[in-house]
Amino acid sequence: MAQDIYDPAFVATLFDRCSQRYRRWSAISSFGFVWLWRKQCVDRLIGQTSIARIQNGKVTPKQPKVLQVVDLMAGTGEIWPHILAEFPRAKITAIDISPAMHAEAMIKLHGARANQITHFAANALTNDLPENTADMLVATFGLKTFNHDQQTILARQIARILVPGGQFSLIEASDPQGWIFRPLYRFYLAGVLPLIERVFLQGAQDFSMIATYTANFQNCAHMEKALRAAGLKVSMKRHFFGCATSVAGTKPIAPDAPTP
Ligand SMILES: C[S@@+](CC[C@H](N)C(=O)[O-])C[C@H]1O[C@@H](n2cnc3c(N)ncnc32)[C@H](O)[C@@H]1O
């Protein structure tokens with residue numbers, strides 16, 4: 001029987017096998033683009049903070065508080081330096097389903113800012129983070145291993161976890177439909193990378209799955225619809241000719257009830 005590549009257990013095992021080489025392999029194979037796209041994900045989050053402060057037609061003052069940030073499908077926590085550079089006092093709660101990615105992240109936690117980060121090995125689709133608690137939520141490159149139904153569940157989870165007025169920003173590698181160099185890009189993902197992996201990583205075919213997931217995922221368009229259906233304000237953006245797409249937005253604050 002064909003393997004269900006969207007089964008969370010399958011995905012967890014796949015990333016367990018990738019965990020030790022993930023950081024270096026993703027940076028090198030993307031020519032550093034993953035670093036840029038994580039930064040752009042955080043930039044979009046910052047852009048949403050001003051929008052979120054608009055209430056009843058007025059911009060509310062900034063709240064000097066410790067921000068609670070949730071990082072879903074966190075992997076080894078590569079986005080944390082970008083978050084902490086912008087929000088130095090933030091507390092980050094990170095989730096990843098792969099025990100080995102979790103273990104790699106825990107090694108990283110023993111750094112100077114360990115007290116600001118909590119990392120759980122858990123399924124983001126069934127997580128029980130308390131509702132209305134996250135001021136901000138991010139996810140980088142963790143959407144493609146979800147099919148449409150799972151994206152819909154994830155969107156509901158995001159709407160549940162965020163505080164009213166909270167912001168989110170999610171980014172994912174995508175299929176750059178219509179780009180003149182798309183055939184070359186696809187050849188690189190589906191032909192060159194698997195060959196390099198086979199030769200240099202003892203015949204492994206784990207990172208090569210990314211080509212399949214990205215081709216199936218297409219872009220963040222379904223996630224955009226799912227987030228809107230979950231009651232969030234959202235807009236989608238293309239990055240580098242559509243090689244990545246992002247969705248960012250806010251959880252609306254219910255308007256004050258009209259005075260009788
Ligand atoms: C491509 S990595 C991205 C890691 C990191 N966010 C980054 O920017 O490098 C995708 C991660 O999503 C995690 N993941 C996949 N499905 C998940 C789920 N249902 N719940 C939590 N984590 C999941 C995988 O274990 C993997 O670590």
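Which condition breaks for Asp96 when tested against (1) more than 10 Å from the ligand (Cβ to nearest atom); (2) within 16 Å of Ala74 (Cα to Cα); (3) among the acidic types (Asp, Glu)?
Evaluating Asp96 over (1) more than 10 Å from the ligand (Cβ to nearest atom); (2) within 16 Å of Ala74 (Cα to Cα); (3) among the acidic types (Asp, Glu) leaves (1) as the failure.
Being surrounded by 13 or more Cβ atoms within 10 Å (Cβ to Cβ), away from the ligand (no atom under 13 Å from the Cβ) and assigned to a loop (DSSP other than H, G, I, E, B) is the filter here; which residues of the stretch 112-127 pass it?
Correct list: Arg113 only.
Can you name the number of the only condition in (1) more than 11 Å from the ligand (Cβ to nearest atom); (2) modelled with pLDDT of 95 or more; (3) under 27 Å from Asp7 (Cβ atoms) that Leu162 fails?
(3)
Specify which of the listed residues (Glu131, Glu78) is away from the ligand (no atom under 14 Å from the Cβ), among the acidic types (Asp, Glu) and out of contact with any Leu (no Cβ under 8 Å at 6 or more places or on another chain). Reasoning before the result, please.
Working: Glu78 fails: away from the ligand (no atom under 14 Å from the Cβ).
Matching residue, one of Glu131, Glu78: Glu131.
Kindly indicate the residue of the stretch 56-98 that is among the acidic types (Asp, Glu) and open to solvent by less than 80 Å² (accessible area, probe 1.4 Å) and also nearest to the chain's Cα centre (by Cα) among those meeting that condition.
In the first step, residues of the stretch 56-98 are kept if they are among the acidic types (Asp, Glu); the result is 71, 78, 86, 96.
Of the ones still in play, those that are also open to solvent by less than 80 Å² (accessible area, probe 1.4 Å) are 71, 78, 96.
Details: Asp71: 7, Glu78: 11, Asp96: 11 Å.
For the stretch 56-98, the residue satisfying everything is Asp71.
Name, by its number, the condition in (1) over 30 Å from Ile253 (Cβ atoms); (2) buried (at least 19 other Cβ atoms within 10 Å of the Cβ) that does not hold for Ala139.
(1)
Can you tell me which residues in the stretch 99-111 are touching a residue at least 24 places away in the same chain (Cβ under 8 Å), surrounded by 15 or more Cβ atoms within 10 Å (Cβ to Cβ) and more than 16 Å from the chain's Cα centre (by Cα)?
Within the stretch 99-111, the first condition is being touching a residue at least 24 places away in the same chain (Cβ under 8 Å), and the residues that meet it are 99-101, 103-105, 108-109.
The next check asks that each one be surrounded by 15 or more Cβ atoms within 10 Å (Cβ to Cβ); those that pass are 100-101, 103-105, 108-109.
Scanning the stretch 99-111 gives Ala100, Ala103, Glu104, Lys108, Leu109.
Could you tell me which residue of the stretch 1-51 is farthest from the ligand (Cβ to nearest atom), considering only residues that are under 23 Å from Ile97 (Cβ atoms) and in a loop (DSSP other than H, G, I, E, B)?
Applying the filter and picking the extreme gives Met1.
Hey, can you tell me all the residues within the stretch 128-160 that are within 22 Å of Ala90 (Cα to Cα), out of contact with any Lys or Arg (no Cβ under 9 Å at 6 or more places or on another chain) and part of a helix (DSSP H, G or I)?
Answer for the stretch 128-160, where residues must be within 22 Å of Ala90 (Cα to Cα), out of contact with any Lys or Arg (no Cβ under 9 Å at 6 or more places or on another chain) and part of a helix (DSSP H, G or I): Gln157, Arg160.
The values are calculated or read from the model by the stated rules, or taken from the named source; none is laboratory data. Just so we're clear, the structure is a prediction, and the values are computed from it rather than from any experiment. Note that we place each Cβ from the backbone using ideal geometry, even for glycine, and neighbour counts take in every protein chain shown. Accessible surface areas use protein heavy atoms only, side chains included; no ligands, DNA or RNA. Shrake-Rupley method; radii C 1.70, N 1.55, O 1.52, S 1.80 Å.
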